[in-house]
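Here is the structure we will look at.
Bear in mind these aren't lab numbers, they're just calculated from the coordinates by the rules spelled out. Because the structure is a prediction, the values reported are computed rather than measured. Methodologically, a virtual Cβ is constructed for each residue, glycine included, from the backbone with ideal geometry; neighbour enumeration extends over all protein chains shown.
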Amino acid sequence: MIKTFASKGLKELFQTGKSRYVRQDLLKRSLQILDVLDHAETLTDLKLPGLRLHPDSRYQPVRYRVDVNGPWRITFEFTDGKARKVDLVQDH
């Protein structure tokens with residue numbers, strides 16, 4: 001379940017199915033990932049082909065990331081079956 005968002009664009013996309021803040025080429029894939037993330041109860045639920053779930057230990061607490069497109073990732077913290085601070089970032 002998604003509890004909180006760090007990205008205004010992802011929150012809008014999740015709530016309405018569209019967003020003026022998320023690039024057009026990222027919309028469909030981001031929405032698919034948000035749907036999977038909202039239904040996940042454990043991190044194991046996110047270990048699906050194509051998502052490429054990775055912990056990002058540069059942050060404390062640990063954030064996780066999944067691939068969207070090219071350098072774009074959706075990142076989040078995951079505790080107690082809830083995704084928090086869900087964000088869309090560009091990895092360089």
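Some observations on this one:
- If you go through the range 3-39 and keep only what is buried (at least 19 other Cβ atoms within 10 Å of the Cβ) and either of a type in the set (Ser, Thr, Tyr) or touching a residue at least 24 places away in the same chain (Cβ under 8 Å) (or both), you end up with PHE5, SER7, LEU10, PHE14, SER19, VAL22, LEU26, SER30, ILE33, LEU34, LEU37.
- Some residue of the range 55-63 being crowded, with 16+ Cβ neighbours inside 10 Å and either of a type outside the set (D, E, K, R) or touching a residue at least 40 places away in the same chain (Cβ under 8 Å) (or both): no
- All conditions in (1) surrounded by 16 or more Cβ atoms within 10 Å (Cβ to Cβ); (2) on the phi > 0 side of the Ramachandran plot hold for ARG52, with the sole exception of (1).
- Positions within the range 1-10 being assigned to a helix (DSSP H, G or I) and either within 15 Å of ASP67 (Cα to Cα) or hydrophobic (A, V, I, L, M, F, W, C) (or both), in sequence order: LEU10
- The range 25-80, residues that are among the small types (Gly, Ala, Ser) and farther than 23 Å from GLY9 by Cα: SER57
- Boolean, THR75 is surrounded by fewer than 16 Cβ atoms within 10 Å (Cβ to Cβ) and among the hydroxyl-bearing types (Ser, Thr, Tyr): no
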